[in-house]
1. Between 74, 101, which is at positive phi, part of a loop (DSSP other than H, G, I, E, B) and surrounded by 15 or more Cβ atoms within 10 Å (Cβ to Cβ)?
2. Across segment 131-164, what is the total count of residues that are surrounded by fewer than 24 Cβ atoms within 10 Å (Cβ to Cβ), at negative phi and not in a strand (DSSP E or B)?
3. Among the residues that make up segment 221-228, is at least one of them under 30 Å from residue 112 (Cα atoms), in a loop (DSSP other than H, G, I, E, B) and modelled with pLDDT of 90 or more?
4. So in segment 182-194, with the set limited to residues that are within 17 Å of residue 204 (Cβ to Cβ) and not in a strand (DSSP E or B), which one is modelled with the lowest pLDDT?
5. Looking only at residues that are within 24 Å of the chain's Cα centre (by Cα) and assigned to a loop (DSSP other than H, G, I, E, B) in segment 9-38, which one is modelled with the lowest pLDDT?
6. Checking the structure you have, find out if any residue of segment 46-60 is in contact with a strand residue (DSSP E or B) (Cβ under 8 Å, 6 or more places away or on another chain) and touching a residue at least 60 places away in the same chain (Cβ under 8 Å).
7. Just to be sure, is residue 101 within 17 Å of the chain's Cα centre (by Cα) and modelled with pLDDT under 95?
8. Please go through segment 229-249 and give me each residue that is closer than 25 Å to residue 104 by Cα and touching a helix residue (DSSP H, G or I) at 6+ places or on another chain (Cβ under 9 Å), ordered by number.
């Protein structure tokens, strides 16, 4: 679902036909338009966002391909394209859209050239054959970048989150590590724009055994990551803030 500044709601999801359906609702509650955004066999429309002009961007899967659809404000026809192959049928995907129309996507995909565990169901968080990848969309060029791997090779990575500021600069955060008591887990973050990404940095204190990151960014370029951690047998919510390129020392809320 995407909510525009004028109150218009755009819903995107699986339809009765094997494809991705959409519907636009007016601020007064009426149905303005609808139909199929993608009539090819597609599913799992898991993310949508809208810019200040009412243009909607949504993501869904077509096999293992990640598809992005764009619907201009007031239009009825979607512009649809494959933007990445995740290697998975149901990857964990996150989308952020700026007020100016730039966008960023982060997803947990299949890591190339890395052999997974023999019994993955017994250790789902220890999937070393999964990684975090990200890509960006430039509203000025109407172009998506190539997907870039952000997480370390051969290290389990989960829970991708993405946010984007007013200048179109994106921040991606994720949890990296086994989270099984046999190794350290850290919250990592990287910044990017126009398909170019910074080297990932550690934001959390590994002693807190962090999980479940949440991420937000403001138009002026500030970003905040929060996560759940446990230290000394006591659970708490921690956070770190970024102004410029540096993240603050983690602090506990409360």
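1. 101
2. Summing the residues that are surrounded by fewer than 24 Cβ atoms within 10 Å (Cβ to Cβ), at negative phi and not in a strand (DSSP E or B) in segment 131-164 gives 9.
3. Scanning segment 221-228, I find no residue that is under 30 Å from residue 112 (Cα atoms), in a loop (DSSP other than H, G, I, E, B) and modelled with pLDDT of 90 or more, so the answer is no.
4. Going through segment 182-194, the residues within 17 Å of residue 204 (Cβ to Cβ) turn out to be 183-191.
Narrowing further to those that are not in a strand (DSSP E or B): 183-185.
On the way: 183: 62, 184: 72, 185: 82.
Per the criteria, the residue is 183.
5. Looking only at segment 9-38, we keep the residues that are within 24 Å of the chain's Cα centre (by Cα), and these are 9-15, 19-24, 36-38.
Narrowing further to those that are assigned to a loop (DSSP other than H, G, I, E, B): 15, 19.
On the way: 15: 66, 19: 86.
The qualifying residue modelled with the lowest pLDDT is 15.
6. yes
7. Spelling it out, it is not the case that residue 101 is within 17 Å of the chain's Cα centre (by Cα) and modelled with pLDDT under 95.
8. Of the residues in segment 229-249, the ones closer than 25 Å to residue 104 by Cα are 238-248.
Residue satisfying the conditions is 238 alone.
The values are calculated or read from the model by the stated rules, or taken from the named source; none is laboratory data. Fair warning: this is a prediction, and the values are worked out from it, not measured in the lab. Note: ideal-geometry Cβ built from the backbone for every residue, glycine included; neighbour counts use all protein chains shown.
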